[in-house]
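The values are calculated or read from the model by the stated rules, or taken from the named source; none is laboratory data. Keep in mind that this is a model prediction, so the values were computed, not measured. Reconstructed Cβ throughout: ideal geometry from the backbone, glycine too, with neighbour counts over all protein chains shown. In case anyone asks, the SASA skips ligands and DNA or RNA and just uses the protein heavy atoms, side chains included. Shrake-Rupley method; radii C 1.70, N 1.55, O 1.52, S 1.80 Å.
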Amino acid sequence: MTDSSRLWLQRAILLVAILAAWEACARLVSDRWISSPVAIAERLAQWMAGDLWYHMMITGTEIGAGLAIGIPLGVLTGMLLGRSKRMAAVFRPFIVLMNSLPIVALTPLLIMWFGLGMQPKIVLVAFVSFLLMFFNSFSGARAVDEELMDTLALMGASAKERFVKVVVPSCLTWTIAGLKNALPYALIAAVIGEMMLSRNGLGHLITRSAQQFDMTGIYTALFVLMVVGGLINEGTTQLENRLLRWRHLETRGR
Amino acid sequence: MSHLQLIRPEPATGATPARRRKISLDKVAVDFTTRGKTFRAVDDVTIEVPEMQFLALVGPSGCGKSTVLNMVAGLLAPSEGSVTYDGAPVEAANTRVGYMTQKDTLLPWRSVADNIGIAFELRCRKANAAERRERVAEMIDLVGLKGFERHFPAELSGGMRKRAALARMLIYEPETLLLDEPFAALDAQLRILMQQELLRLVERRQMTVILVTHDLEEAVLMADRVMVFTSGPGRIRTERDIPFERPRNAMELRFRPEFSAIHEELWSELKDEFAASVERERRAQ
Amino acid sequence: MWKGSVVRNRQKALNPRVVLVQQLAFLILLIGAWQFVSGRLIPPFYISNPLDIAGVIWKWLADGSIWVHVRSTIVTLFMGYLVGAALGIGLGLALGLSPRTERIVAPFIAALYGLPKVALLPLFVIFFGIGLVSKVALVASVVIFLLFYATLAGVRDIDRDMIDGLRLMGASGEEITRKVRMPAILPWLYTGLRTSLGYALTTTVVSEALSSNRGLGFLIEYSASQFHSAGVFAAVVVLLVLSSAIMVPLGMLERRSKPTRLSH
């Protein structure tokens, strides 16, 4: 047996053992607090046949629309502001302040402005992702290797050409690092918004179950969120590996 | 515009053209401020480089040789004195020179081929894709990087990166080359080959060159004139014309007795400077 | 030595006084515009105005009612942070030193890490009731993972060859820990502790807003539910003061001086 297949076998055994112990506890002691794997699986099947996809669509739309607004705005503003020495110096203290503020604390305000629907969550996701991307590409633009800029300048590159060929790609490293934060954070922000006040979305699934003391419902919703969160993390890691192949070679070579 | 138009015509044989003054530094001094302390890196340096001359600057490290190149490239302004190129003061990045800095400044996110071809992506030297591919292949061949076209800089050795940087600079055939220790990271055999290749190209294209090196042998082999720098602050200690013919065969030159004589003569000047710089570093600790 | 760069010494350095004046001008302009726009272009219901907000903060300070919230936020933050950090570092060391177990459980931890932790709050509230414990549990659940991954990375950073070398020279286990293991782990721990403080604060405020009857997060949520926008902004300003007092000395912006990642 190869090393990796043995590893996966061990993992499978561990998973089965955990689930079996859980199920046993639920049957022999009480399933009042911990529900049970079988009940959760049944509920999941029931939801999948019912309104799970609808709630997922809602959360997905909020995340997608928010990111579509927040990411490009954040990256662009960060790069432009970061390349101007004066702007960077003038806005620095404000940026530091904003960076220290927990932005999701503004959720109640956004709900007050935009009401119950998807808008406040979209704005929240956009705001959070804008700031995360902004901080990263701002730092990236400040950290551009000036010797690369010199080299291109001597070849006769115009300011615009230097921006496109040096600043943008070297910011990309930081942008990707920002995405690794922004994408999971977008899910968190959307869920927070939905938990605070909402009639739909994955966050709502949790609060709805909690209000009815429906433990099986809570665990099922948590499982769904875990899968969605895991997929988002995995996706960003894959994306990073593809886009930043040269950088991985660099760190491996060291 | 095709790259062919960028290449200046081959020299007319026979009559020696009047050599114009290409680069001149007039009583130049440079001060740097680090941690509130100002020190003088280069002092009272006057250099005149006629067109098509190959000038080598030698001296211990930290003697301000690279600073001189930075000024000619327009990356640094002198604190005193003036720097002119083709008779006009150098006031911004000098796009007439090709500059190979000590650190290879390859773009880490581009493959070797894309790094070498980057000059042809710029508006001022635009070339079509086919032309570009052909020239890049030529240059890759010249610097012996065949088979590594698709590699990223991080996958190459220090010497290979240097060669890629050299190719990137040579591909658009700038009229003047500023070379800062271009062969330092190469092994001995490759170094000799590259020196010969560079000489061939410089002679054929009638380039003006300033080469900074700490390797006196390299300086004497390649240059028409060698300047020895003192260190701390950098001044010109001595200069000497190197009377060997052009085109020149560097491989064979190093076995000639005249070569040894000149080498020995300059070395006697240089070794004091090396000793002084070691002494100064010891005291600084 | 000087690293050559584009005509750096020909560009004029920024005058710090001019920058300061520009910063103040921007701030005054921002506040002035806010005051002007409110009631003229945008109803104060939405954006309140700086004078009203200042009035609310003044009232809170005068009657001292703000302190119960500030204290609650600080207590929740640090208790959750300390519990989470202790557990995370402990788990990181334990699994870091037994790599075979770590390889088996890694995907399980990664899966839990992917879960947005705030979603656990209703569960904690059912278990522990509305109050300090459920909030601390939530903050700790966020911090654990960050410090677990930081510690694990630190343990992996330990140079085995160096340990072998020191063993050959006759170093004791304690000496090796002091000279090799600790120096490898500490920078990672430091980064982890610094980064997770920001996440801990966010989680604290969110848990207060979602289920609590005190804390700055609660104050924001409560004011919003009363449609008292001046109260919302006032609470945000107090939070901003608190968060910057905690984060800025730690150089939270500097943590981005390298595009490093904590996890994996």
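Looking at the stretch A:6-22, I want the residues that are basic (K, R) and have a partner that is open to solvent by less than 90 Å² (accessible area, probe 1.4 Å) with Cβ atoms under 9 Å, at least 6 apart or on another chain. Which pairs are those?
Once the first residue is basic (K, R) and sits in the stretch A:6-22, its partners that are open to solvent by less than 90 Å² (accessible area, probe 1.4 Å) give A:R11/C:I104; A:R11/C:V105; A:R11/C:A106; A:R11/C:P107; A:R11/C:F108.
Restricting attention to the stretch A:48-57, and to residues there that are modelled with pLDDT of 95 or more and open to solvent by 20 Å² or more (accessible area, probe 1.4 Å), which single residue is farthest from the other protein chains (Cβ to nearest Cβ)?
Taking the candidates together, the pick is A:A49.
Give just the number: which of (1) under 24 Å from A:I192 (Cβ atoms); (2) open to solvent by less than 30 Å² (accessible area, probe 1.4 Å) does A:A88 not satisfy?
(1)
Please specify each residue of the stretch A:219-244 satisfying the condition of being at the interface with another protein chain (Cβ under 9 Å from one of its Cβ atoms) and without any contact (Cβ under 8 Å) to a residue 24 or more places away in the chain.
Residues satisfying the conditions are A:A221, A:L222, A:M226, A:V227, A:G230, A:L231, A:E234.
List the helices (runs of 4 or more DSSP H) that sit entirely inside the stretch C:149-264 and contain at least 1 residues that are modelled with pLDDT of 90 or more and at the interface with chain A (Cβ under 9 Å from one of its Cβ atoms).
Working: elements: C:160-168, C:173-176, C:182-210, C:216-225, C:229-247.
Those helices (runs of 4 or more DSSP H) span C:182-210, C:216-225, C:229-247.
Scan the stretch B:40-70 for residues that are in contact with a helix residue (DSSP H, G or I) (Cβ under 9 Å, 6 or more places away or on another chain) and assigned to a strand (DSSP E or B) and jot them down.
B:A41, B:V42, B:V45, B:I47, B:V49, B:F54, B:A56, B:L57, B:V58
Just one of A:R43, A:R27, A:R6 is in contact with a helix residue (DSSP H, G or I) (Cβ under 8 Å, 6 or more places away or on another chain) and at negative phi; which is it? Walk me through how you get there before you give the answer.
Values: A:R27 fails: in contact with a helix residue (DSSP H, G or I) (Cβ under 8 Å, 6 or more places away or on another chain); A:R6 fails: in contact with a helix residue (DSSP H, G or I) (Cβ under 8 Å, 6 or more places away or on another chain).
The unique qualifying residue is A:R43.
Here are A:L76, A:L67, A:L97: which of them is within 12 Å of chain C (Cβ to nearest Cβ) and either touching a residue at least 40 places away in the same chain (Cβ under 8 Å) or open to solvent by 20 Å² or more (accessible area, probe 1.4 Å) (or both)?
On the way: A:L76 fails: within 12 Å of chain C (Cβ to nearest Cβ); A:L67 fails: within 12 Å of chain C (Cβ to nearest Cβ).
One residue alone meets the criteria, A:L97.
Given the criterion buried (at least 18 other Cβ atoms within 10 Å of the Cβ) and more than 10 Å from chain C (Cβ to nearest Cβ), identify the matching residue among A:A182, A:A177, A:A190.
Going through A:A182, A:A177, A:A190 in turn, the sole match is A:A182.
Here's the yes/no breakdown for (1) within 13 Å of chain A (Cβ to nearest Cβ); (2) surrounded by 18 or more Cβ atoms within 10 Å (Cβ to Cβ):
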| residue | (1), (2) |
| --- | --- |
| C:Y81 | no, yes |
| C:A111 | yes, no |
| C:P116 | yes, yes |
| C:I126 | yes, no |
| C:S141 | yes, yes |
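Tell me which residues, restricted to the stretch C:175-209, are within 17 Å of C:I144 (Cα to Cα), among the β-branched types (V, I, T) and surrounded by fewer than 22 Cβ atoms within 10 Å (Cβ to Cβ).
Of everything in the stretch C:175-209, those that are within 17 Å of C:I144 (Cα to Cα), among the β-branched types (V, I, T) and surrounded by fewer than 22 Cβ atoms within 10 Å (Cβ to Cβ) turn out to be C:T191, C:T195.
When you scan the stretch A:22-47, how many residues do you find that are open to solvent by less than 60 Å² (accessible area, probe 1.4 Å) and of a type outside the set (A, V, I, L, M)?
Looking only at that region, the number is 7.
Take the residues of the stretch C:16-70 that are touching a helix residue (DSSP H, G or I) at 6+ places or on another chain (Cβ under 9 Å) and outside any helix (DSSP H, G or I): which is nearest to C:S229 (Cα to Cα)?
Filtering the stretch C:16-70 for residues that are touching a helix residue (DSSP H, G or I) at 6+ places or on another chain (Cβ under 9 Å) and outside any helix (DSSP H, G or I), the one nearest to C:S229 (Cα to Cα) comes out as C:S48.
Which one is nearest to the chain's Cα centre (by Cα) among residues in the stretch A:162-191 that are under 30 Å from A:T61 (Cβ atoms) and aromatic (F, W, Y)?
Looking at the filtered set, the residue picked out is A:Y185.
For the stretch B:102-121: of the residues being touching a Leu at 6+ places or on another chain (Cβ under 8 Å) and open to solvent by less than 30 Å² (accessible area, probe 1.4 Å), which is nearest to the other protein chains (Cβ to nearest Cβ)?
B:T105
Please indicate, with yes or no, whether at least one residue in the stretch A:200-216 is in the same structural domain as A:T59 (by TED's automatic domain parsing), open to solvent by 10 Å² or more (accessible area, probe 1.4 Å), at pLDDT below 90 and small (G, A, S).
No, because not a single residue in the stretch A:200-216 is in the same structural domain as A:T59 (by TED's automatic domain parsing), open to solvent by 10 Å² or more (accessible area, probe 1.4 Å), at pLDDT below 90 and small (G, A, S).
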